[in-house]
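Below: one structure, written as structure tokens.
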Amino acid sequence: MKHIILNVVVFIFFSLMLIQAAELDKRAPDFTLQDYNGKTYKLSDFKGKYVVLEWINFGCPFVQKHYNSGNMQTLQKKYTENGVIWLSICSSAEGKQGYYTAKELANIAKEQGVNSTAYLIDESGEVGKLYDAKTTPHMYIINPKGNLIYAGAIDDVRSTNVEDVKTAKNYVSSVLNDCLAGKMVESAATTPYGCSVKYK
């Protein structure tokens with residue numbers, strides 16, 4: 001019996017070792033999630049494209065700042081029209097702020113005018129923890145080779161004031177603009193701000 005338990009423990013240990021957490025300049029960890037319509041999305045299916053990961057919680061005032069101003073939807077539309085994949089990910093656990101049923105999400109996404117490629121549900125928090133997503137929003141950019149090149153805040157003004165969007169330096173936009181223009185882009189990290197991700 002002890003032998004069996006030891007084998008199980010060793011198997012779990014090495015299985016966890018194979019799951020690499022997200023790191024700049026390294027391959028972004030693959031994941032599979034479903035949207036609120038039940039459609040499955042796998043990150044590795046988008047190899048060859050730039051991918052933005054946006055951690056989201058519609059109950060968070062920092063997220064509301066970017067959606068009420070139309071800033072996030074504008075960015076989503078602009079870059080998806082230029083071939084970028086934009087995945088909004090919600091890691092709120094059931095019963096926590098930001099968690100909604102599939103039907104509620106469909107209505108909210110329509111009301112908000114969400115233009116992302118998909119709104120993905122990470123109720124278990126597994127993917128959020130894999131990427132060490134700390135806040136909403138917390139933004140990540142993955143290059144066509146599948147490597148993580150940006151992680152951090154959406155911009156440099158840490159507030160909930162809608163008016164601040166106009167004067168803020170948008171980090172996500174800056175990185176994507178340089179990438180799409182063919183410029184050399186160095187990997188970068190900034191400190192994210194917003195509400196804490198509402199994990200289990």
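Where a number appears in this text, it was derived from the coordinates with a stated rule and is not lab data. Please read all numbers here as calculations on a predicted model, not as lab measurements. Here the Cβ positions follow ideal geometry from the backbone for every residue, glycine too, while neighbour counts run over all protein chains shown.
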Requested in this report: Taking only Cα atoms and a 10 Å spring cutoff, compute GNM fluctuations for the chain and point out the largest among Met72, Met139, Met184.
Outcome: Met184
Query - Unpartnered cysteines - no second Cys beta carbon under 4.7 Å - across the chain - result: Cys90, Cys179
Report task. Assuming R0 = 22 Å, can you tell me the calculated FRET efficiency for the pair Lys200 and Lys134, based on Cβ-Cβ distance, to the nearest 0.05? Result -> 0.90
Report task. Give, in nm to one decimal, the length gained when the segment between Asn147 and Asn37 is fully stretched (0.36 nm per residue of separation minus the Cα-Cα distance). Result -> 36.8 nm
Query raised in the report: What is the distance, in nm, between label points placed 7 Å from the Cα along the Cα-to-Cβ direction at Asn161 and at Ser44?
Result: 4.7
Query raised in the report: In nm, to one decimal, how far is the Lys96 label point from the Ser124 one, both placed 7 Å along Cα→Cβ?
Result: 1.5
Query raised in the report: Which of these, Ile56, Ile85, Ile108, has the largest mean-square fluctuation under a Gaussian network model of the chain (Cα springs below 10 Å)?
Result: Ile108
Query raised in the report: Mean separation of Cα pairs under 8 Å and 6+ residues apart, divided by the residue count of the stretch 22-196: what relative contact order is that in percent?
Result: 30
Query raised in the report: Stretch Thr191-Thr74 to full length: gain in nm at 0.36 nm per residue minus the Cα-Cα span?
Result: 39.8 nm
Query raised in the report: Which GluC sites (Glu not before Pro) from the stretch 117-200 combine a DSSP loop assignment with at most 13 other Cβ atoms within 10 Å?
Result: Glu186
Query - Extent along principal axes [Cα atoms of the stretch 135-200; Å; largest to smallest] - result: 34, 33, 14
Query raised in the report: What FRET efficiency would be calculated for the residue pair Ala106, Arg27, taking the C-beta separation as r and a Förster radius of 25 Å, to the nearest 0.05?
Result: 0.15
